[in-house]
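Okay, structure first, notes after.
The values are calculated or read from the model by the stated rules, or taken from the named source; none is laboratory data. For clarity, every value in this text was computed on a predicted model and none was experimentally measured. Methodologically, a virtual Cβ is constructed for each residue, glycine included, from the backbone with ideal geometry; neighbour enumeration extends over all protein chains shown. Accessible surface areas use protein heavy atoms only, side chains included; no ligands, DNA or RNA. Shrake-Rupley method; radii C 1.70, N 1.55, O 1.52, S 1.80 Å.
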Amino acid sequence: MATAICIQNSALFMYVLGRADDALILGHRLSEWCGHAPMMEEDMALANMGLDLIGQARELYTYAAEVEGAGNDEDKFAYLRDVQHYRNVLLVERPNGDFAQTMMRQFFYSAFADCYWRAMMSSTDPTLAAIAAKSEKESAYHLRHSSEWIIRLGDGTDESHRRAQSALNDLWPFTGELFQANPEDDALFAGRIAVDPRGLLQPWTENVTAILRSARLTLPQSQWMQKGGRSGQHSEHLGHLLSELQSLQRTYPNATW
Amino acid sequence: MYTQALNASQSDELTGEDAAKISRFEARVAAEERIEANDWMPAAYRKTLTRQISQHAHSEIVGMLPEGNWLTRAPTLRRKAALLAKVQDECGHGLYLYAAAETLGTSREELVDQMLSGKAKYSSIFNYPTLTWADIGTIGWLVDGAAIMNQIPLCRCSYGPYARAMIRVCKEESFHQRQGYEIMVTLSRGTPEQKAMAQGALDRWWWPCLMMFGPPDQQSQHGDQSTRWKIKRFSNDDLRQKFIDATVPQARYLDLKIPDDNLRWNEATGHWDYGDIDWQEFNNVLAGNGPCNRDRLAARRKAHDEGAWVREAALAYAEKQKRKTTAAA
């Protein structure tokens, strides 16, 4: 393997790569919990969700490589791209924080992924439709699991409520980017290859606010939304995550593992 | 947290042992019958098994830490997924084993507290650090390999819940062992740096793995009683020898050198002779002075302490729901 790869630019390729990056980075974050969760059942669940997401990332990277046709593969995309070439939303690179932060991040992402993958099952691209069929089942479970925790944390003890509210306030500004569409994606939407995420905002908002209400949590006043990940403008956190994730491939270029 | 009823101490009824009960119990064990949770059993049998099963469970849970150390640095996505699945399996084994131990009347919370307080032991092997990626291969190959040698006979243990748990655990461990060996095959056929990494890991893990089988037979405290009760089927030294005999050809296939200058094939016995094990090191690690004892316990205590508010929230929510249901009825 070379020390770094450049990525070519086609709308479908960049689109698939961005979804793969979302799944990989969130899966990686969840794997950081392994062995350190509040209870053994949750060690299992977080690892399980992480495994699902890493599995989705692998399928999407493999398809991106096929679309690109430049001889890259899942590992080159994951291990040999620098921060500015990653296209994941900022939400998934947020650090784990406490359990409330992790679950709130998971809840926001899963609530999006659940309706996103369900809609993508009708993609005219058969590979994306097949990946969607598998990912939808997984996301539905992730949403159920994270929703149940949000309700328990929000409506549990004073401390858990405070932590859940704080997680909500901190992470809410990172939800807007999930629904951001790039102008170059228009042809994909028109051909029904990909789903326009703007159309998912309403069902997402309804689902999320219903759960937050059950959890006795209140939406923050500010509606300012952060963005940048989809165009390669990331937070400070992603570089550290990648330096760890990519360390062996970068230290021993051209080795097979 | 789910089994508070088990937190109460044993009733007197269970400890009232008479000769007839003991002899009936021993006859059942001798006839290879499985003892089940509700069957009468001598208090010492219960105590021995509770100690053994919970120690096994603690080992699975603490064992997540050295491997978890490489989850975020696994060198390919396939390796990352396989390692995460493996560590998740270890957690599952821990849960399964705590459940088996609970059937003997001690709750998981109590058992976990014993581990966190340092009163209960876990396998000393997890007090060694994982320094390179090759350690992940070596743990699968040797540590899981040694665990399988120990655990396959436990599938026939006289205590039913433990024996049944072991059947599933052994299947998964055997998969882990093959996965670890496959990492070693890849590394040993890789670049000079990768091969050196593989040799370095073997050099560090070999002797601690031989120690996993426990003290030599003349010094083992629990051997005789456990053998009579068909908890233990083979002696420490027999299992150790079996492990060495199986592993030497595997190391040769990898073209790696086992770090023992006294390792020689013995035509007369049909086994590999091996050098002296440093039991002082073993005792030292057991006494809490291994390279990672403090770090491992600190990590488990941190997870437990920092997770307390989450567990409390789940309980408080369940209580509220219960009150609502009662009020509505």
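Kindly provide the set of residues from segment B:191-211 that are touching a Phe, Trp or Tyr at 6+ places or on another chain (Cβ under 8 Å) and of a type outside the set (A, V, I, L, M, F, W, C), ordered by number.
B:T191, B:E193, B:Q194, B:R204, B:P208
Identify, by number, the condition in (1) farther than 30 Å from A:R162 by Cβ; (2) of a type outside the set (F, W, Y); (3) surrounded by fewer than 24 Cβ atoms within 10 Å (Cβ to Cβ) that A:G97 doesn't meet.
(1)
Give the residues of segment B:16-32 that are more than 30 Å from the chain's Cα centre (by Cα) and assigned to a loop (DSSP other than H, G, I, E, B), sorted by residue number.
Correct list: B:G16, B:E17, B:D18.
Would it be correct to say that B:E102 is under 27 Å from B:E33 (Cβ atoms), at pLDDT 95 or above and open to solvent by 20 Å² or more (accessible area, probe 1.4 Å)?
In short, yes.
Residue-wise test of (1) under 27 Å from B:P291 (Cβ atoms); (2) away from chain A (no Cβ under 14 Å); (3) open to solvent by less than 50 Å² (accessible area, probe 1.4 Å).
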{"position": "B:L187", "(1), (2), (3)": "yes, no, yes"}
{"position": "B:W207", "(1), (2), (3)": "yes, yes, no"}
{"position": "B:D238", "(1), (2), (3)": "no, yes, no"}
{"position": "B:T247", "(1), (2), (3)": "yes, yes, yes"}
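Looking at segment A:210-257, which of its residues are within 14 Å of chain B (Cβ to nearest Cβ), closer than 23 Å to A:E32 by Cα and of a type in the set (D, E, K, R)?
A:E244, A:R250
Going through segment A:166-186 one residue at a time, which ones are open to solvent by 20 Å² or more (accessible area, probe 1.4 Å), away from chain B (no Cβ under 13 Å) and touching a residue at least 40 places away in the same chain (Cβ under 8 Å)?
Of everything in segment A:166-186, those that are open to solvent by 20 Å² or more (accessible area, probe 1.4 Å), away from chain B (no Cβ under 13 Å) and touching a residue at least 40 places away in the same chain (Cβ under 8 Å) turn out to be A:N169, A:D170, A:P173, A:F174, A:G176, A:Q180, A:N182, A:E184.
Any residue in segment A:142-154 that's at pLDDT 95 or above: show its pairings with residues that are of a type in the set (S, T, N, Q) and open to solvent by 10 Å² or more (accessible area, probe 1.4 Å) at Cβ separation under 7 Å, as long as the two are six or more apart or on different chains.
From residues that are at pLDDT 95 or above, the pairs are A:I151/A:S214.
Counting only residues that are farther than 12 Å from A:A215 by Cβ and within 8 Å of chain B (Cβ to nearest Cβ), which one in segment A:133-162 is least open to solvent (accessible area, probe 1.4 Å)?
Checking each candidate, the answer is A:T157.
Going by what's in this entry, would A:D75 be described as part of a helix (DSSP H, G or I), open to solvent by less than 30 Å² (accessible area, probe 1.4 Å), farther than 26 Å from A:H145 by Cα and in contact with a helix residue (DSSP H, G or I) (Cβ under 7 Å, 6 or more places away or on another chain)?
In short, yes.
Can you tell me which of (1) under 23 Å from A:H36 (Cα atoms); (2) within 14 Å of chain A (Cβ to nearest Cβ) is the one B:K320 doesn't meet?
Every listed condition holds for B:K320 apart from (1).
In segment B:73-97, which residues are assigned to a helix (DSSP H, G or I), open to solvent by 10 Å² or more (accessible area, probe 1.4 Å) and facing chain A (nearest Cβ under 8 Å)?
If the condition is that a residue be assigned to a helix (DSSP H, G or I), open to solvent by 10 Å² or more (accessible area, probe 1.4 Å) and facing chain A (nearest Cβ under 8 Å), then B:R73, B:R78, B:R79, B:A81, B:A85, B:Q88, B:G92, B:L95 are the ones that fit.
Those residues that are open to solvent by less than 30 Å² (accessible area, probe 1.4 Å), farther than 18 Å from A:L143 by Cβ and not charged (D, E, K, R), I need them from segment A:196-238; list them, please.
Within segment A:196-238, A:P220, A:G228, A:G229, A:G232, A:L238 qualify.
Being in a helix (DSSP H, G or I), open to solvent by less than 30 Å² (accessible area, probe 1.4 Å) and free of Cβ contacts under 8 Å to residues at least 24 places away in the same chain is the filter here; which residues of segment B:273-307 pass it?
Residue satisfying the conditions is B:A303 alone.
For the condition farther than 30 Å from B:S59 by Cβ, open to solvent by less than 10 Å² (accessible area, probe 1.4 Å), aliphatic (A, V, I, L, M) and within 8 Å of chain B (Cβ to nearest Cβ), what is the one hit in A:A37, A:A57, A:A47?
Details: A:A37 fails: farther than 30 Å from B:S59 by Cβ; A:A47 fails: farther than 30 Å from B:S59 by Cβ.
The unique qualifying residue is A:A57.
To keep it simple, each residue is scored yes or no on (1) open to solvent by 20 Å² or more (accessible area, probe 1.4 Å); (2) part of a strand (DSSP E or B); (3) free of Cβ contacts under 8 Å to residues at least 12 places away in the same chain.
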| position | (1), (2), (3) |
| --- | --- |
| B:D113 | yes, no, yes |
| B:I125 | no, no, no |
| B:D135 | no, no, no |
| B:G145 | no, no, no |
| B:E172 | yes, no, no |
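Being part of a loop (DSSP other than H, G, I, E, B), touching a Phe, Trp or Tyr at 6+ places or on another chain (Cβ under 9 Å) and farther than 21 Å from B:N127 by Cα is true for just one of B:D255, B:D245, B:D260, B:D237. Which residue is that?
B:D260
In segment B:108-139, what residues are among the small types (G, A, S) and away from chain A (no Cβ under 14 Å)?
Selection gives B:S117, B:G118, B:A120, B:S123, B:S124.
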